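Asks: The structure follows.
The values are calculated or read from the model by the stated rules, or taken from the named source; none is laboratory data. This is a predicted model, so every value here is computed, not measured. When we count neighbours, we look across all protein chains shown, and the Cβ atoms used for this are built from the backbone with ideal geometry, even at glycine.
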Amino acid sequence: MAKCDICGKAPSFGIKVSHSHRRANKMWKPNIKRVKAVVNGTPCRIYACTRCLRSGKVTRSA
């Protein structure tokens with residue numbers, strides 16, 4: 001499950017192009033961590049991207 005529960009960031013798709021201009025499909029996955037956080041006053045495990053963890057959108061529990 002590569003989707004952030006806070007911001008909804010999910011894998012994005014595109015085409016990688018080599019030096020000889022051969023094209024192939026590519027997927028960029030967000031950096032998702034399974035963390036124990038406080039949601040609605042109760043601690044539970046959620047999936048959060050590192051951008052949300054770093055910016056303080058997630059309050060971690062012990």
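Asks: Residues of region 12-62 being loosely packed, with under 10 Cβ neighbours inside 10 Å and assigned to a loop (DSSP other than H, G, I, E, B), which ones?
Replies: Answer for region 12-62, where residues must be loosely packed, with under 10 Cβ neighbours inside 10 Å and assigned to a loop (DSSP other than H, G, I, E, B): S18, H19, S20, H21, R22, N40, G41, G56, T59, A62.
Asks: Let me ask something else about it. Only one of these is at pLDDT 95 or above and among the basic types (K, R): R60, R51. Name it.
Replies: R51
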